[in-house]
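Comments concern the structure below.
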Amino acid sequence: MDRCIVLVDAGYLLGAAASLLAGEPSRSRITVDHTALIQGLRERAESDTQQPLLRIYWFDGAPDRVPQPEHRRLRVMPRVTVRLGALTRSDGRWAQKGVDAAMHAELTELARNRACSDVVLVTGDGDLLPGMMAAKEHGVAVHLWAVQAADGDYNQSEDLVAEADERRVLDRTWITKAVRAKDYTGACAPQPAPRPEIAAILSAPLPESALGAATDRPAPQPRHPVPGTGQNGTEERVPAAKGVPTPKDLAALRAPGPQPAQQPASATLRWSSDKGWVDRPTAEPPEAASMPTLAQLTTAEQRWADREEDITTVGGDPSEVGQVFAGRWVERLGDQNHLQKLSGMYPRIPHRVDGELLRYAARFGLLAHKDDQIDERDRYAIRAGFWREISVRTGVEHPPLDD
């Protein structure tokens, strides 16, 4: 077949680009325009091989092989197929598993079936040498592309270079058409400036009960009680006063049978926040508890259509995910009075709806552990996208709240 195929090792391509542009191979140090990158690969491949493109295979790693937002954007592009291996963390570093084996299997299968006349390999791993040799034996011309190395380093197997039929280098000028380094002003990456919607969520007003408690609350107990003298001259600790009920205490209040005599009538949990210790009610107001969830508003046919849209058109950006969820919820909401009640709760989302929103976002690989920490900024962006779509649908603007 007189056509070409491109096999891209994303870990190599983007890691080498990060080394070239940002000085280290961490992909978090660069921003990638995937549309421009795919278009550049296609044009370069067709120009170098003088054959029309059949397909670009994008090989990458992902935690538990769950597609990340960038993979979801890539796999719905024309002539692009995404193949995912596992991404594991060992000794504090991320490593791909199964990507090289998948590339080797795809390369040999395409050559054996004579699916193309030319194969472009964007990789530096010498493990693909047997696959390259097998492809050549089946009459396929192998083109090997390298990313310009940083500071003269060599980032490609010499055996691959020696075995390839043609070799090209993707230099800095070509790379920067689709990839750029993130701006850093110091040794540590600065926190990105929050959008107004995210700032509003962070500055949500406290409940009235909390404001009252903040002024009437007695002085806090010391972390370590003052020791006293017990029997035999040993020190004993004086237990701190138990003024705030624990979750165990609250469970006892709801349990059947006799109740403790000294428990308060309306118990609240005390939460830690950026505004200090605040008291919040254990139950939501009735209007919030009565809000229907998206699952309750969705028919079986709509559920199938939603899944189809998620797979084919939703990229998975946190803000986009919140907007898609909110749009479906508003379209299917029969009682518009719920929207008025919801606007009065801004920027907080009713607990049941918020939980469903976050579970929906988890389908796109969001809220996963990143560097052993859950990315809270994704949560804020998801909720900000939800409120942005609510504003668009209802015409009610929600101004940012002051701290």
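One chain, two ends: Asp64 and Ala362. Fully extended at 0.36 nm per residue, the span grows by 106.0 nm beyond their Cα-Cα distance. The order of Ser117, Ser319, going from fewest to most other C-beta atoms within 10 Å of their C-beta, is Ser117, Ser319.
Note on Ser26 and Gln148: the model spin-label points, each 7 Å out from Cα along the C-beta direction, lie 2.4 nm apart. Taking other Cβ atoms within 10 Å as a rough exposure proxy, Glu163, Glu389 sort from fewest to most as Glu163, Glu389. Across the options Val142, Ala95, Thr81, the greatest Cα extent toward the positive end of the charge dipole of the stretch 4-181 (unit charges at beta carbon of Lys, Arg, Asp, Glu) belongs to Thr81. With R₀ fixed at 35 Å, the C-beta to C-beta distance from Ala36 to Asp2 puts the FRET efficiency at about 0.80.
Rounded to the nearest 0.05, what FRET efficiency do Ser290 and Glu376 have when you use their Cβ-Cβ distance and R0 = 25 Å? Between Ser290 and Glu376 the formula returns 0.30. Its Cα gyration tensor gives the stretch 1-103 an equivalent ellipsoid, and the semi-axes of that ellipsoid, as √(5λ) in whole Å with the largest first, are 25, 16, 12. Around Gln51, with a cut-off of 11 angstrom between Cβ atoms, what is the net charge of the other residues, counting Lys and Arg +1 and Asp and Glu -1? Once all neighbours under 11 Å are counted, the net charge is -3. A crude spin-label estimate for the pair Arg332 and Asp48, with each label 7 Å from Cα along the Cβ direction, gives 4.7 nm. Taking the Cα centre of the stretch 4-181 as reference, the dipole from Cβ charges on Lys and Arg (+1) and Asp and Glu (-1) amounts to some 820 debye. Segment Ala95..Val169, full-extension length gain: 24.1 nm, with 0.36 nm per residue of separation and the alpha-carbon distance subtracted. Taking other C-beta atoms within 10 angstrom as a stand-in for reagent exposure, Thr123, Thr293 fall in the order Thr293, Thr123, fewest first.
Applying 1/(1 + (r/R0)^6) with r as the Cβ-Cβ distance of Leu129 and Ala181 and R0 = 30 angstrom yields a FRET efficiency of 0.40.
One decimal place: the segment Val76-Gln302 gains 79.2 nm when fully extended, by the rule 0.36 nm per residue minus the C-alpha distance. Between Ser343 and Ala105, the modelled label-to-label distance comes to 5.4 nm, taking each label 7 Å out from Cα in the direction of the beta carbon. Expressed as a fraction of 2.2 N^0.38 Å, the value expected for a compact globular protein of N residues, the C-alpha radius of gyration of the stretch 96-145 is 1.03. Per residue, the convex hull around the alpha carbon atoms of the stretch 4-181 comes to 111 Å³.
Since every read-out is calculated from the coordinates, none of them should be taken as a lab result. Because the structure is predicted, anything quoted here is derived from the model rather than measured. Note that each Cβ is placed from the backbone with ideal geometry, even for glycine, and that neighbours are counted across all protein chains shown.
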